[in-house]
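Here the structure comes first, spelled out in structure tokens, and everything after it is commentary.
The values are calculated or read from the model by the stated rules, or taken from the named source; none is laboratory data. If you're wondering where the values come from, they're calculated on a predicted model, not measured in any experiment. All Cβ positions, even for glycine, are placed from backbone atoms using ideal geometry, and neighbour counts span all protein chains on display.
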């Protein structure tokens, strides 16, 4: 049995811009950063989340907003953070907001706190002409659950994104009316490769 805490990143630049210009926000910014509010949200979770002390492994999307969130939550611990393209937001292609930086740049900036060994140099999901399918998202989620079940750790945190985590938790892509809270740990228990609690 694995206890997996799914955490959506803190409020980011594109989340704020969305309220001003709608979905155009996803095409306007590449790989947005946390806002001041997002920094505060992630630091508060890091200070107040009691289960944090039991976390043995953190899996993180390699987008800036999720790395910043994970670093803030776990800044006072020696926990291992592993980055995976498979944890990127859905769609992982087409929208510049979900186009990560090259591995070389990520390593240079975050190598002291994040392990990027599972990343290719270029964003493996990025495609500027084709939108990722739900079937591809489902496969990404399935592979991540398989990876988690193969690990020795029992208590694992995932720092990722709204639509990805909604599918991970409920097999449903989130929309603007049904978003997960920023910086809130949603618990799911994984018990086998074919059935999830």
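Odds and ends about this structure:
- Test for residue 82: is it without any contact (Cβ under 8 Å) to a residue 40 or more places away in the chain and either under 10 Å from the mean Cα position of the chain (by Cα) or within 21 Å of residue 164 (Cβ to Cβ) (or both): yes
- Filtered residues of segment 107-133 (kept if surrounded by 12 or more Cβ atoms within 10 Å (Cβ to Cβ) and part of a helix (DSSP H, G or I)): 107, 109, 110
- Of the residues making up segment 154-177, those that are buried (at least 23 other Cβ atoms within 10 Å of the Cβ) and more than 17 Å from residue 137 (Cβ to Cβ) are 157, 159.
- Residue that is farthest from residue 148 (Cα to Cα) [pool: residues in segment 53-64 that are out of contact with any helix residue (DSSP H, G or I) (no Cβ under 7 Å at 6 or more places or on another chain) and in contact (Cβ under 8 Å) with a residue 60 or more places away in the chain]: 54
- Segment 16-35, residues that are free of Cβ contacts under 8 Å to residues at least 60 places away in the same chain and in contact with a strand residue (DSSP E or B) (Cβ under 9 Å, 6 or more places away or on another chain): 33, 34, 35
- Members of segment 44-72 that are surrounded by fewer than 17 Cβ atoms within 10 Å (Cβ to Cβ) and out of contact with any strand residue (DSSP E or B) (no Cβ under 6 Å at 6 or more places or on another chain): 44, 47, 48, 50, 51, 53
- Those helices (runs of 4 or more DSSP H) of segment 1-56 in which 3 or more residues are over 16 Å from the mean Cα position of the chain (by Cα) and within 30 Å of residue 152 (Cα to Cα) occupy 36-48.
- Test: residue in segment 3-16 that is surrounded by fewer than 19 Cβ atoms within 10 Å (Cβ to Cβ) and at pLDDT 95 or above: yes
- Residues of segment 72-106 that are in a helix (DSSP H, G or I) and either modelled with pLDDT under 95 or under 24 Å from residue 143 (Cα atoms) (or both): 85, 86, 87, 96, 97, 98, 103, 106.
- When residues of segment 73-91 are limited to those that are closer than 22 Å to residue 27 by Cβ and out of contact with any helix residue (DSSP H, G or I) (no Cβ under 6 Å at 6 or more places or on another chain), the one surrounded by the fewest Cβ atoms within 10 Å (Cβ to Cβ): 85
- Taken over segment 164-178, residues that are touching a residue at least 40 places away in the same chain (Cβ under 8 Å) and touching a helix residue (DSSP H, G or I) at 6+ places or on another chain (Cβ under 8 Å) amount to 5.
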